[in-house]
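Report on the following structure.
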Amino acid sequence: MRLLLLVLLVLVGAIGCDSGVNGKAPRLEDAKALKKLIADVDTVGKLLGEYEKQLGKVTPEFVPTEDQRKKLLSLWSPYLDHMRALQSYQLKFLRGWRQAGSPALQTQALAAGMVALAAQTDTNLKFIRAFHKLEQFQAILNDPSPQYGVGGNELDAIVLRMAKPQTRMLLQVGVEALQRRVVHINDTKVKENVAFTELANKALEYALKAEEAYNRQVIAVMMMGFTTTITNQLNELSGALITDIAEWLGDTRLRATGKSLITAEQVEWLATQCQPGDIIVERRNWYLSNLGLPGFWPHAEFYTGTPADLAKTLDGDPEVKKIYGDTGVTGYLQNNFSDRWKEYVALAHDGKAHRLIEAVSEGVQFSSLEEGCLADYVGVLRPRLSKVDKARAVVSAFSNLGKPYDFDFDFLTQSTLVCSEVVYVAYLAEKNGSTGLSFPLEEVMGRKTLPPTNFVQLFDTQFGTKDQQLDFVAFLDGRESTKTAIKATEADFRASWRRAKWDLSQQ
């Protein structure tokens, strides 16, 4: 009993003391981000339940099909991403919440940290419940798949964390602390209080489900933890990769801060290499915006160039004139998208020329090349298509300007668009004779989608064959160790999609 009290005192200290970090007061943006994260985690939980039902009565001798493996990884990979993000909020707010400021701010910090902990714990237990008797599925979840951001023994790390009595005790003590203090944010006139009250209620809901799951699964969890420790001799396995990434997410780049590895001079050089219709893939290390979709490349952009670039490259082509008239595609855009054209010829927010169409959280919009490519890695691909097909793609991209961002990443709908969907839709083959490009969709979190990294994967796998659809233009390859980027080769770019999504060597 004395030992239990001592452990509880240590745990209370863990959530009530600073532990070497300054207490941080959460912002309304943190509440919004957490709301989106836990909604995604809820989606994973529901899809996992459906997957579990579809398996039926699977015997130990059953060998999963390739489709079953891919479907499981389409849940596992984004869940690990979201778990890292949730852990970043735990690190940021749960430790040192007493130092966040006023009682209301302390409660907000506690609510933010606890909803992250409770949501993560509840879904971890769901994965354990689904597969604790199925070694063949455990093997899939433990198998490293670097390009998807899945390291080795990821499930084992979760099992050991859930098997530790401290995890359950921390959840219980945190819930008690939150229940006592939620009164400090009961002012419904303050937006922040409303948002964090919702998170507090969600945290208590998750914690209740997790406690019920613990009661049902305590033997299974403890036995899996024991077996994992003995079999793998991984007594200290605690998801070091996840922790390191979570610390970067929480402390370094939860917001778009910091200097890019690519310089303004390199972006100027990039402008000399690009042509209208090119596909740009881009990466900024350690951002929450990298979450959810698998692969090294998390963002794609459609390159239009300036109005002068469009005119010079496309307007003189006979086939373009045949379809769009003597003034070419630029004349067509001016006449049919007059408001968008005015926006296009105006300067971007940074005072530079508009050269890109991309989907960001604000929706589908124009951007300057600097806004889109002052990043850490940028690659450029050129479709092997005629000028008239590229003109059609430009017109398609223009037609999608102003559409909202597709937070569901669903390619079966086009009323909202995600970044790679802007490119995908622009190059869809049409009945009017356009050749288009063929980009196979894949399932991620139950939805048909196209991760941006697949553009590079497709280029690599089709390279040198009769099916090749894309050509290499440029690759600016970041080097975190020297805080620079270099002009890399076609071979380097082809291999880039195989890089680990969360490569700690990039630090």
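The values are calculated or read from the model by the stated rules, or taken from the named source; none is laboratory data. Quantities reported herein were computed from a predicted structural model and do not represent experimental measurements. A quick note on method: Cβ atoms are made from the backbone with ideal geometry, for glycine too, and the neighbour counts reach across all protein chains shown.
Taking the stretch 368-395 as the region of interest, how many residues are of a type in the set (S, T, N, Q) and surrounded by 20 or more Cβ atoms within 10 Å (Cβ to Cβ)? Please lay out each step first, then the result.
Quick first cut of the stretch 368-395, residues of a type in the set (S, T, N, Q) only: 368, 386.
Next, only the ones that are surrounded by 20 or more Cβ atoms within 10 Å (Cβ to Cβ) stay: 368.
Counting residues in the stretch 368-395 that are of a type in the set (S, T, N, Q) and surrounded by 20 or more Cβ atoms within 10 Å (Cβ to Cβ) gives 1.
Can you give me the ranges of the helices (runs of 4 or more DSSP H) entirely in the stretch 277-344 with at least 2 residues that are within 34 Å of the chain's Cα centre (by Cα), modelled with pLDDT of 95 or more and of a type in the set (Lys, Arg)? Show your work before the answer.
Working: elements: 307-310, 318-324, 328-336.
In the stretch 277-344, there are no helices (runs of 4 or more DSSP H) which contain 2 or more residues that are within 34 Å of the chain's Cα centre (by Cα), modelled with pLDDT of 95 or more and of a type in the set (Lys, Arg).
Contact map, the stretch 345-371: first residue at positive phi, second residue among the aliphatic types (A, V, I, L, M) and not in a helix (DSSP H, G or I), Cβ cut-off under 8 Å, separation 6 or more or different chains; the map is empty.
Restricted to the stretch 396-507, the set of strands (runs of 3 or more DSSP E) holding at least 2 residues that are crowded, with 18+ Cβ neighbours inside 10 Å, touching a strand residue (DSSP E or B) at 6+ places or on another chain (Cβ under 6 Å) and in contact (Cβ under 8 Å) with a residue 40 or more places away in the chain comprises 470-479. Could we say that LEU73 is in the same structural domain as PRO26 (by TED's automatic domain parsing) and farther than 22 Å from PHE409 by Cβ here? For LEU73, the condition - in the same structural domain as PRO26 (by TED's automatic domain parsing) and farther than 22 Å from PHE409 by Cβ - is not met. When the stretch 340-360 is filtered for residues that are of a type in the set (Lys, Arg) and touching a strand residue (DSSP E or B) at 6+ places or on another chain (Cβ under 7 Å), the ones remaining, listed by number, are LYS352, ARG355. Residues that are crowded, with 20+ Cβ neighbours inside 10 Å and of a type in the set (Lys, Arg) number at least 1 in the following helices (runs of 4 or more DSSP H) confined to the stretch 99-216: 103-131. PRO78: in the same structural domain as LEU199 (by TED's automatic domain parsing) and over 25 Å from ALA210 (Cβ atoms), yes or no? No; evaluated as a whole, the condition is false for this residue.
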